[in-house]
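Heads up, the thing below is written out as structure tokens.
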Amino acid sequence: MRTSALAGCLVAGALALTGCGGSGTAGGPAPSPEATASSPPSFTGEITVLAAASLTDAFAAVAEQVERDHPGSSVVLSFAASSELVAQ
């Protein structure tokens, strides 16, 4: 159960990040071939993640990697019981 919940959260996070990225076709410059061939989309800014307290270690590791891979980004983590997160 815990593994499937983590996988679901990671997929949801990846989809959310994908929605934040631009394709370069809406009036902006197209990404370089080097950027699209081997590296993840680049972004800056703050990402706030609300997650169940049981996922603290996993999300802390992911947040650290995101900040390392994307200079100028910061990940704000908020952990609580699932019932409390619903209210947020």
(request) Could you grab me the full set of residues in the stretch 70-85 that are surrounded by 15 or more Cβ atoms within 10 Å (Cβ to Cβ) and among the polar types (S, T, N, Q)? (result) Ser73
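Here is a yes/no grid of residues against (1) in contact with a Leu (Cβ under 7 Å, 6 or more places away or on another chain); (2) among the basic types (Lys, Arg); (3) in a strand (DSSP E or B):
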| position | (1), (2), (3) |
| --- | --- |
| Glu46 | no, no, yes |
| Val49 | yes, no, yes |
| Ser54 | no, no, no |
| Val66 | no, no, no |
| Pro71 | no, no, no |
| Leu77 | no, no, yes |
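Coordinate-derived values only; no laboratory data. Note that the structure is a prediction, hence the values are computed from the model and not measured. Because the Cβ atoms are built from the backbone with ideal geometry, glycine has one as well, and the counts that use them run over all protein chains shown.
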